[in-house]
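Scroll down for the structure; my scribbles are underneath it.
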Amino acid sequence: MTQFIHSATPRAAAIAGILFSIFFAITIILIRLSVPTDPTTVNDWTDATRSQVGLALRLMPFAGIAFLWFVGVVRDRLGEFEDKFFSTVTLGSGLLFLAMSFIAMANGAGMLAIYQATGGQAMSAELYALNRSVMNQIFNTYGLKMAGVFMFSISTLWLRTGVMPRLLCYFTYALVVFMLVTTSQNLWMVLIFPAWVLIVSILILVLTCAVKLREAKMA
């Protein structure tokens, strides 16, 4: 584990992970709170909360940048101990998760743009319900599963190399099983992933500080 945290690089991964967690969670929360209970209702969403939706759309690119930085730094620290198979699965699933998140948010941005350009006249209840269903499917059915694959593969790398605590890896496996078998379309489910990234990032910071303190006492 010392090999992973014995530099300033892990702090960069931790900071990037925390930023991703915050930006992504705020985005999902804003979107979820902006969606009315009735899926056929258009004006209740766009009139009362389109500023919140606009903020969420602006935050998502920054969440994506932070996530890419988090993945890159974490993989870089594995170095020669990195398993090519699991590294490929980790990178691929991470990129797929991010791409699907961008597609879902672009779908929402398109709906908002149509409403703002036409005053809601071109946004029928059927079109709104369809786009909302597509966003839910992308996030919950596909994005959440890819996030689970990412968590499984990177935890396997951590377990094999010993760069992170075994308890975290086993906890991650349990979360992955839950994420893969769940069929809920509740958008709150997506918050499992940023919460996990936040836990990992905080743990990296704690371990880094612990090593620094131990080195300072030995000096």
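Taking the 1.4 Å solvent-accessible surface of the range 113-176 as the whole, the part contributed by carbon and sulfur is 65%. Across the range 83-94, rounded Karplus estimates of 3J(HN,Hα) from the backbone phi angles (6.51 cos²θ - 1.76 cosθ + 1.60, θ = phi - 60°) give 7, 5, 5, 5, 5, 5, 5, 4, 5, x, 5, x Hz, Gly and Pro being marked x.
In the full protein context, the range 92-166 carries 41 Å² of accessible surface per residue, based on a 1.4 Å probe and ignoring ligands, DNA and RNA.
On the basis of the beta-carbon distance and an R0 of 35 Å, Thr182 and Leu95 show a calculated FRET efficiency of 0.95. For the range 155-163, putting each phi into the Karplus relation 6.51 cos²θ - 1.76 cosθ + 1.60 with θ = phi - 60° gives couplings of 5, 5, 4, 4, 5, 6, 8, x, 7 Hz, in residue order, rounded to whole numbers and with x for Gly and Pro.
Given R₀ = 41 Å, what would the calculated FRET efficiency be for Leu203 paired with Leu33, taking r from the Cβ atoms and rounding to 0.05?
On the way: r = 29 Å, r/R0 = 0.71.
So the FRET efficiency works out to roughly 0.90.
Straight-line cross-link partners of Lys145 among the lysines, defined as a Cα under 28 Å from its Cα and at least 8 positions apart when in the same chain: Lys84. Once C-alpha pairs closer than 8 Å and six or more residues apart are averaged by separation and normalised to the residue number of the range 144-200, the relative contact order reads 43 percent.
The values are calculated or read from the model by the stated rules, or taken from the named source; none is laboratory data. A quick note: this is a predicted structure, and the numbers were derived from the prediction, not measured. Cβ sites come from the backbone with ideal geometry, for glycine too, and all protein chains shown count toward neighbours. Accessible surface areas use protein heavy atoms only, side chains included; no ligands, DNA or RNA. Shrake-Rupley method; radii C 1.70, N 1.55, O 1.52, S 1.80 Å.
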